[in-house]
Amino acid sequence: MATTVLLLSGPNLNLLGIREPDIYGSATLDDHVAGAKAVASDLGIELEHLQSNHEGALVEAVHGARGRVAAIIVNAAAMTHYSWSLRDALAAFDGPVVELHLSNTATREPWRHTSVITPVATGIISGFGGHGYRLAVEAVFLLLK
């Protein structure tokens, strides 16, 4: 039986490829998810993906993951810095949580330096661009071994 991992993508990530390509690159979210799914498949992991621009949809996805998936990878985008409800939902999740960012948020605008997700995350992958998606799947695989 395959291990299932949930990949969550927050607001505006559906615009990857056209939104600020100098920061986020030219690859689309679909490109990043496809790369992550390829690595997951090689590792025997089933990767589910949900992107939403709505905080409640992401919170409900975390609630629905409890007792059903082994780990969560989350690129909460701007919600990283203010979504206490998403943070609390992730805190109630039993498995590993990997926080993911395309850019290195510590080198960007000051408001991006604080994450409300970090204190409940098992680890963070930040600043590796699209490679971060594949690295996050590999990290989850190692955490679940």
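The values are calculated or read from the model by the stated rules, or taken from the named source; none is laboratory data. Bear in mind the structure is a predicted one, so any value in this text is a computation, not a measurement. Because the Cβ atoms are built from the backbone with ideal geometry, glycine has one as well, and the counts that use them run over all protein chains shown.
Taken together, I117, I45, I73, I124 contain a single residue that is under 15 Å from L13 (Cα atoms) and among the β-branched types (V, I, T), which is I73. Between E99, E46, the distinction of being modelled with pLDDT of 95 or more, in contact with a strand residue (DSSP E or B) (Cβ under 9 Å, 6 or more places away or on another chain), charged (D, E, K, R) and within 26 Å of R19 (Cα to Cα) belongs to E99 only. Residues in the stretch 49-71 that are farther than 16 Å from S85 by Cα and in contact with a strand residue (DSSP E or B) (Cβ under 9 Å, 6 or more places away or on another chain): H49, L50, Q51, R68, V69, A70, A71. Annotation: of all residues in the stretch 1-40 being among the acidic types (D, E) and exposed (fewer than 15 other Cβ atoms within 10 Å of the Cβ), the one that is modelled with the highest pLDDT is D30. Of the residues making up the stretch 65-78, one or more are part of a helix (DSSP H, G or I), of a type in the set (A, V, I, L, M), in contact (Cβ under 8 Å) with a residue 40 or more places away in the chain and touching a Pro at 6+ places or on another chain (Cβ under 8 Å). Among the numbered conditions (1) under 18 Å from V62 (Cβ atoms); (2) part of a loop (DSSP other than H, G, I, E, B), tell me where D88 comes up short. Status for D88: all satisfied but (2).
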